[in-house]
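The values are calculated or read from the model by the stated rules, or taken from the named source; none is laboratory data. These numbers were taken from a predicted model, which means no experiment stands behind them. All Cβ positions, glycine included, derive from the backbone under ideal geometry; neighbour counts span all protein chains shown.
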Amino acid sequence: MNVALWIAAVLLAAVALTGGVLKSFVPKARLAAQHGGEWVEGASVGFVKGIGVLEILAAVGLIAPRAVGVAPAMVPVTALCWVLLMIGAMITHGRLGQNKLVLVNLVYLALAVFIALGRV
């Protein structure tokens, strides 16, 4: 079970880091032009970058506490925060009619629930 939890955490951290870096460093107009990035048109630059920073922190929070043995209880807390973020993403993509992205977010949410329950 421990190996499966590590695999799930690394996969989810990779997703979080990729999304976080894109939202933090790619200009808003360029994000809006990409499929799935249409939601940024109605959001401020600060909001988009803020979500990006939260995603980068989530990537760290899913791996580092358990890896270094400092505050490992932060892993399930981070995973639960990711669940909340994915609920928001699913609502946003659903409103835009992007049902495939809602399903992708649902998979990420399921991984986060698995991690949260497995690391309690």
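General remarks:
- Within the option set V113, V68, V48, being without any contact (Cβ under 8 Å) to a residue 24 or more places away in the chain and not acidic (D, E) holds for one residue only, V68.
- Conditions (1) at pLDDT 95 or above; (2) touching a helix residue (DSSP H, G or I) at 6+ places or on another chain (Cβ under 9 Å); number of the one not met by V3: (2)
- Checking P76 against (1) modelled with pLDDT of 95 or more; (2) in a loop (DSSP other than H, G, I, E, B), the condition it does not meet: (2)
- A single member of G19, G52, G97, G61 is of a type in the set (G, A, S) and touching a Leu at 6+ places or on another chain (Cβ under 9 Å), and it is G52.
- Test: residue in region 15-32 that is among the hydrophobic types (A, V, I, L, M, F, W, C), surrounded by fewer than 14 Cβ atoms within 10 Å (Cβ to Cβ) and not in a helix (DSSP H, G or I): no
- Residue in region 83-108 that is farthest from E38 (Cα to Cα), counting only those that are part of a loop (DSSP other than H, G, I, E, B) and in contact (Cβ under 8 Å) with a residue 40 or more places away in the chain: Q98
- Region 47-70, subset more than 10 Å from the chain's Cα centre (by Cα), more than 12 Å from I115 (Cα to Cα) and of a type in the set (V, I, T), residue surrounded by the most Cβ atoms within 10 Å (Cβ to Cβ): V48
- The lone exception for A73 - which of (1) hydrophobic (A, V, I, L, M, F, W, C); (2) more than 16 Å from the chain's Cα centre (by Cα); (3) surrounded by 13 or more Cβ atoms within 10 Å (Cβ to Cβ) it fails: (3)
- Consider region 26-45 and keep the residues that are within 16 Å of the chain's Cα centre (by Cα) and touching a residue at least 24 places away in the same chain (Cβ under 8 Å). The one that is farthest from A67 (Cα to Cα) is W39.
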